[in-house]
Amino acid sequence: MNQEYDMKSMVTKIKALRRNAESLKEIAGDFPTVIKNCDRILANVHMLEINVSDAAEVMGK
Amino acid sequence: MSNGVYWNPVLETMPREKLRQLQLKKFREIFTWAYGHSKFYHQLYSDAGIEPGDLKKFEDIKKVPKMEKAMMRSVQGPGKPNYPYGDILCVPLDKVTDYRQTSGTTGQPVYQADTWQDWEQGTEAYCYAMWAQGYRPGDRVFLPFGYNIFIAFWAYHYAGEKIGCEVIPGGVLNTEARILKMQELRATAMGATPTYILGMAETARGMGIDPPKDLFIRKITVAGEPGGSVPATRQRMEDAWGAKVYDQVGSTEIGHWGWQCTHQAGLHVNEAMYLIEIEDVNTGELIEEPGRRGKMVVTTFGRMAQPCIRFDVKDLIQWNARQCDCGRTFRLLDGGIQGRADDITKVKGVLLSPLAIEEVVRNTPQLGHEYQVVVTKKGDIDDITLKVEILPEYRKDEAAIKAKLTDQLRLTTNLGYNIEFHPYESLPRSQTKSRRFQDLRPH
């Protein structure tokens, strides 16, 4: 791999995405579209976690 | 957006010792999840006296009991909890968003539950494959498959969208209509079973359409049957379409764990998302070295609704000694899926793999794509009949072709066959998984 990636910053921003989506869901009350779109966002955040955050963790970054 | 070689340049080139660390971390996570959320897995592991704290190092993974399809079936179905999934389910039923089932080729189907996150993960795994096969935004991808209860090419559809390709669902159209639609829309890629890919080319030619010349397909992903990793079959497909053909392997219970990249050097295992172990069929010993065939045991990382942990698939595989020129550190399998442990059968006292016959048939240019192998018993003696289609222009050469086939089959399989020639296009064709091997001996 030639290019270096700023894994640390990406991990920080992925954590923020999760926090934001979870807190949005929390305040949504009985608002189906917000809840269900947050679920979709969180599923995609998880894809970022398995692709970036987990990799960063084992690489010590 | 970068058009780089890798979908994930970090994971796909990760040093192997780091990949091992990642696999241990992910194995612990899915094991702990299943232990805590599925009665089926909790019972299985409690009976074996193993719990999450016991998984301290990579070698501890082999202490975890394996699971088989029959075990899944035994806890699923009517009268069982969490209908139809049974106690293997790890989430409440209202978290399940997707149902699929196995084809039931080897018995009662397995019902597979997925949450949306699981479904995303299956899509993600397929993105690794398609990106490695050169799919990019701008590709116009045609899917000639029946969108239904089987996993088939669903993930290919979603992964195509995610990558940014334009996806054309060719669902309920018949083969002729699909060909005309591909021509009209100038589709550049498609995914189907090897049998259907070969059959479509035959149909196209019957319509006066020569696929390499009159269509625009330049990439094909095949799955569902081993043909994509059988060199003679892949060559036939590539010649018939004027396209590169790439194998992709997976299953309903596991997901999409392996694929050929554009170098076609073997099947890459997506080791960031799956753990593939190879086990000696007789001793159960784990095989790490290349070139020794064994049974595949697979774990899917992070599939939460219905985990797949140390699943004894009974597919036969072997590691390849090569490192692929693509630069990925994911290990390669040699020759893809080389058969099923329960397909390898003794005939006249000799172990016979149906795939060995396919390689001979598809390497014989005077024959059509289809074939069937039927094993019967005449008195106390096993009898094998190979049914093949002879191309019309070679009917006059039947005797010579038969002699050549007999020699090749004896060399490859150490067995003698009754060879039956059938008219071209007369043997059954299938759009889904083809079963070409019939063992009709009384058991």
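Nothing in this text is a laboratory measurement; each read-out follows from the coordinates by a stated rule. Just so you know, these numbers come straight off a predicted model, no measurement behind them. Backbone-built Cβ (ideal geometry, glycine too); neighbour counts: all protein chains shown.
The mean count of C-beta atoms from other chains within 10 Å of the C-beta of residues in A:46-59, rounded to a whole number, is 6.
Where only DSSP H runs of four or more residues are counted, chain B gives -9000 deg cm²/dmol as its mean residue ellipticity at 222 nm, each run worth -39500 (n - 2.57).
Quick note on the protein assembly as shown: its Rg to Rh ratio, both from C-alpha atoms and Rh being the Kirkwood radius, is 0.98.
Based on a Kirkwood Rh over C-alpha pairs, give the Stokes-Einstein translational diffusion coefficient of region B:102-150 at 20 °C and viscosity 1.002 mPa s in µm²/s. Calculated translational D: 159 µm²/s. Fully extending the segment from B:THR283 to B:VAL172, taken as 0.36 nm per residue of separation minus the present Cα-Cα distance, adds 35.3 nm. Looking at this model, which pairs from A:LYS61/B:LYS57; A:LYS8/A:LYS36; A:LYS13/A:LYS61; B:LYS18/B:LYS57; A:LYS8/B:LYS26 are more than 25 angstrom apart at the alpha-carbon? Going by Cα-Cα distance, A:LYS8/A:LYS36 fall outside the 25 Å limit.
Here, P(r) means the percent of Cα pairs in each 10 Å bin from 0 to the largest distance; for chain B it is 4, 20, 30, 27, 15, 4, 0, 0.
Each label point was placed 7 Å from the Cα along the Cα-to-Cβ direction; for B:ASP397 and B:LEU180 their separation is 3.6 nm. Rounded to two decimals, the Cα-based Rg/Rh of region B:102-249, with Kirkwood Rh, is 0.96. Residues considered: B:TYR135, B:TYR246, B:TYR394. Largest GNM mean-square fluctuation over chain B, using C-alpha springs under 10 Å, is found at B:TYR394. The three principal axes of the Cα atoms in chain A give end-to-end lengths of 47, 17, 14 Å, sorted in falling order. Here region B:319-443 is treated as a Stokes sphere of Kirkwood radius computed over C-alpha pairs; at 10 °C and 1.306 mPa s its diffusion coefficient rounds to 98 µm²/s. The alpha-carbon atoms of region B:159-199 define a convex hull whose volume equals 82 cubic angstrom per residue. Select from B:PRO211, B:CYS261, B:PRO81 the residue farthest towards the positive end of the dipole of the protein assembly as shown; place +1 on Cβ of Lys and Arg, -1 on Cβ of Asp and Glu, and compute about the Cα centre. About the Cα centre, the residue reaching furthest to the positive side is B:CYS261. Restricting to chain B, what percent of DSSP beta bridges are antiparallel, rounded to 5? Antiparallel: roughly 60 percent of the beta bridges in chain B.
Under the classification rounded if a/c is under 1.5, otherwise prolate if a/b is larger than b/c and oblate if not, where does region B:29-88 fall, given a ≥ b ≥ c as square roots of the Cα gyration tensor eigenvalues?
prolate
Annotation: amide H-H contacts under 5 Å for B:LEU333 (H modelled 1.01 Å from N, sequence separation of 5 or more, or interchain): B:LEU267, B:HIS268, B:VAL269, B:ASN320.
The mean number of Cβ atoms from other chains found within 10 Å of a Cβ in peptide B:14-24 is 2, as a whole number.
By the beta-carbon count within 10 Å of each Cβ, the least crowded to most crowded order of B:LEU316, B:LEU173, fewest first, is B:LEU173, B:LEU316. Sorting B:HIS37, A:HIS46 from the fewest to the most surrounding beta carbons within 10 angstrom yields B:HIS37, A:HIS46.
Note on region B:1-45: Cα convex hull, mean projected area over all directions, 4.8 nm². With respect to chain B, whose longest principal axis is taken over its alpha-carbon atoms, helix B:194-206 is tilted by about 30°.
Shape class of region B:243-326 from the alpha-carbon gyration tensor: oblate, with a/c at 1.5 or above and b/c at least as large as a/b. The alpha-carbon atoms of region B:1-103 define a convex hull whose volume equals 168 cubic angstrom per residue.
Given the C-alpha atoms of region B:180-339, compute the convex hull and give its volume per residue in Å³.
124
In this Cβ point-charge picture (+1 for Lys and Arg, -1 for Asp and Glu), chain B has a dipole of about 120 debye about its Cα centre. Neighbour counts of C-beta atoms inside 10 Å place A:GLU49, B:GLU358 in the sequence A:GLU49, B:GLU358, starting with the fewest. Taking the convex hull of the alpha carbon positions in region B:252-297 and averaging its projected area over all directions gives 4.1 nm². Rounded, prolate or oblate, given the Cα gyration tensor of region B:92-184, with a/c below 1.5 counting as rounded? Oblate.
A compact globular protein would have a Cα radius of gyration near 2.2 N^0.38 Å; the ratio found for region B:28-160 is 1.24. Backbone geometry of region B:283-295 corresponds, through the Karplus equation with coefficients 6.51, -1.76 and 1.60 at θ = phi - 60°, to 3J(HN,Hα) couplings of 9, x, 5, 6, 9, 9, 7, x, x, 10, 7, x, 8 Hz, x marking Gly and Pro.
Annotation: amide H-H contacts under 5 Å for B:GLY368 (H modelled 1.01 Å from N, sequence separation of 5 or more, or interchain): B:GLU389, B:ILE390, B:LEU391.
Applied to region B:378-383, the Karplus parametrisation 6.51 cos²θ - 1.76 cosθ + 1.60 on θ = phi - 60° returns per-residue 3J(HN,Hα) values of 10, x, 9, 10, 5, 9 Hz, with x for Gly and Pro. With the charge dipole of the protein assembly as shown set up from +1 on Lys and Arg Cβ and -1 on Asp and Glu Cβ about the Cα centre, the Cα lying farthest toward the positive end among the listed residues B:PHE301, B:ASN8, B:PRO92 is that of B:ASN8.
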